[in-house]
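One structure is given here, and the rest of the page talks about it.
Read the figures in this text as sums done on the coordinates, not as results from a lab. Quick caveat, the model's predicted, so the values are computed rather than measured. Cβ atoms come from the backbone with ideal geometry, glycine included; neighbour counts cover every protein chain shown.
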Ligand code: KIV
Ligand code: ZN
């Protein structure tokens with residue numbers, strides 16, 4: 001059913017799974033701002049909210065639906081008619097609406113969350129998809145806690161919801177439990193054992209409780225999934241979701257995987273800053289792709305190698321992800337080469353002996369201060385130059 005078998009659809013849930021995080025709640029105008037930025041970034045699906053959860057969230061889905069032109073606008077529901085009715089109402093202005101409905105699939109959830117049985121859960125799953133399908137053509141079904149579900153039962157559930165009309169089947173590792181091989185083999189099992197699987201797109205939705213969300217998503221894609229659910233900066237429940245910028249940049253960097261998205265990575269830094277500011281959620285400095293230090297080289301060995309040839313220490317060009325340039329940070333771990341480069345960038349050419357003198361003073365100051373800035377360098381150079389003139 002897909003035109004291009006190697007195209008990976010990007011489903012962004014910053015405004016739903018991301019916005020669930022305590023302290024990250026947004027007002028409708030802020031959500032619209034982020035939704036427009038996601039559209040410009042090139043995401044295929046924007047999960048705009050969970051309309052039954054609050055009047056504010058309902059309204060946000062309505063307003064986002066009005067402004068977006070290209071992406072599919074998706075609304076989350078549990079597997080019941082009331083939730084689905086709310087989603088249908090909230091999506092009424094969407095040009096391309098999608099309902100995302102689902103229910104638990106692991107025995108843990110079936111027993112301790114729903115106090116139910118596999119048979120009953122299966123019936124509820126099918127009934128929800130059939131009901132949603134009366135209003136909207138594009139139905140995504142999520143099998144919550146699929147990461148811990150029995151594969152044979154999961155396959156039975158997925159086959160039944162596709163037969164009921166699901167166009168996308170989401171296999172969430174809700175608790176971030178899986179290892180990449182385990183998650184990838186689950187997707188492969190579904191590809192090989194669900195008779196009607198070619199009538200739907202398999203979606204991966206991974207949480208980061210063990211720091212494996214991106215690795216697990218990638219494993220799912222390698223094994224046949226063609227939609228990835230993710231958030232900007234990896235925000236989301238508990239330890240977060242797969243980071244959009246990470247998983248899409250991996251696909252862009254590893255051409256050998258032969259998987260591609262519609263994402264324009266040049267927007268990454270700007271949208272990361274926007275989400276971080278609006279959600280009051282700082283980005284850790286060492287965060288891949290969008291962290292402050294992602295392109296900062298600070299040790300002498302790395303700086304020397306980088307200055308000789310960028311690609312010695314650079315697998316991603318900073319400009320490809322919206323960062324102006326790599327940064328050579330001057331600290332007590334920096335070498336002469338980095339200091340010389342910095343001094344030249346500031347417009348000074350120093351004799352070898354003078355540079356050695358500046359470097360010695362630089363190390364003493366760097367031990368004291370930690371980070372040396374342009375003003376410090378200029379002062380050091382002028383002090384040594386004055387001394388040389390005397
Ligand atoms: O993690 C999860 O299982 C979810 C579902 C609601 C899709 O967020
Ligand atoms: Zn989730």
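Site pair residue 130 and residue 317 shows an inter-label distance of 5.5 nm when each label is modelled 7 Å from Cα along Cα→Cβ.
Between the helical axis of 268-279 and the longest alpha-carbon principal axis of the chain there is an angle of about 70 degrees. Fewest-first ordering of 169, 73, 323, 354 by other beta carbons within 10 Å of each residue's beta carbon gives 354, 323, 73, 169. Based on DSSP H segments of at least four residues, each scored -39500 (n - 2.57), the chain has a per-residue ellipticity at 222 nm of -14000 deg cm²/dmol. Separation of the range 140-158 from the range 281-324 is 40 Å, based on Cα centroids. Starting from the Kirkwood Rh over alpha-carbon pairs, what translational D in µm² s⁻¹ does the range 1-72 have by Stokes-Einstein at 37 °C and 0.692 mPa s? Result for D is 257 µm²/s.
Over all orientations, the range 293-340 has a Cα convex hull whose mean projected area works out to 3.1 square nanometres. Legend: ranking of residues 131, 93, 359 from fewest to most surrounding C-beta atoms inside 10 Å; resulting order 93, 359, 131. Expressed as an acute angle from 0 to 90° and rounded to the nearest 10, what is the orientation of the C-alpha long axis of helix 213-222 relative to the principal long axis of the chain? Roughly 60 degrees, rounded to the nearest 10. With a 10 Å cut-off between alpha carbons and a GNM built on the chain, which of 75, 132, 164 moves the most? Among 75, 132, 164, the largest mean-square fluctuation in the Gaussian network model of the chain belongs to 164. Just to be sure I understand the curve: with the Debye formula and one point per C-alpha of the range 1-120, what is log10 I(q)/I(0) at q = 0.11 Å⁻¹? Values returned for q = 0.11 Å⁻¹ are -0.41. Distance from the Cα centroid of the range 190-214 to that of the range 331-390 is 54 Å (rounded to whole angstrom). If both residues of a DSSP beta bridge must be in the chain, then about 5% of such bridges are antiparallel. Where in the range 220-238 does the label zone of residue 280 land, with the point 7 angstrom along Cα→C-beta and an amide N cut-off under 18 Å? In the range 220-238, the label zone of residue 280 (backbone N under 18 Å from the point 7 Å along Cα→Cβ) covers 235-238. Take every DSSP beta bridge whose two residues both sit in the range 164-241; close to 10 percent of them are antiparallel. Across q = 0.10, 0.11, 0.12, 0.15 Å⁻¹, the chain modelled as identical point scatterers on its alpha-carbon atoms has Debye log10 I(q)/I(0) values of -0.68, -0.78, -0.88, -1.25, in the order of the q list. Here the contact order of the chain, divided by its residue count and restricted to Cα pairs under 8 Å and six or more residues apart, works out to 13 percent. FRET efficiency for the pair residue 254 and residue 85, taken as 1/(1 + (r/R0)^6) with r the Cβ-Cβ distance and R0 = 45 Å, rounds to 0.55. As a size descriptor, the averaged projected area of the C-alpha convex hull of the range 105-159 was calculated at 3.7 nm². Using every pair of separate Cα atoms, the Kirkwood estimate puts the hydrodynamic radius of the range 205-282 at 12.9 angstrom. Note on the chain: with a GNM built from Cα contacts shorter than 10 Å, the maximum mean-square fluctuation among 49, 89, 23 falls on 23. Measuring from centroid to centroid over Cα atoms, what is the spacing of the range 8-54 and the range 216-262 in Å? Their Cα centres are 17 Å away from one another.
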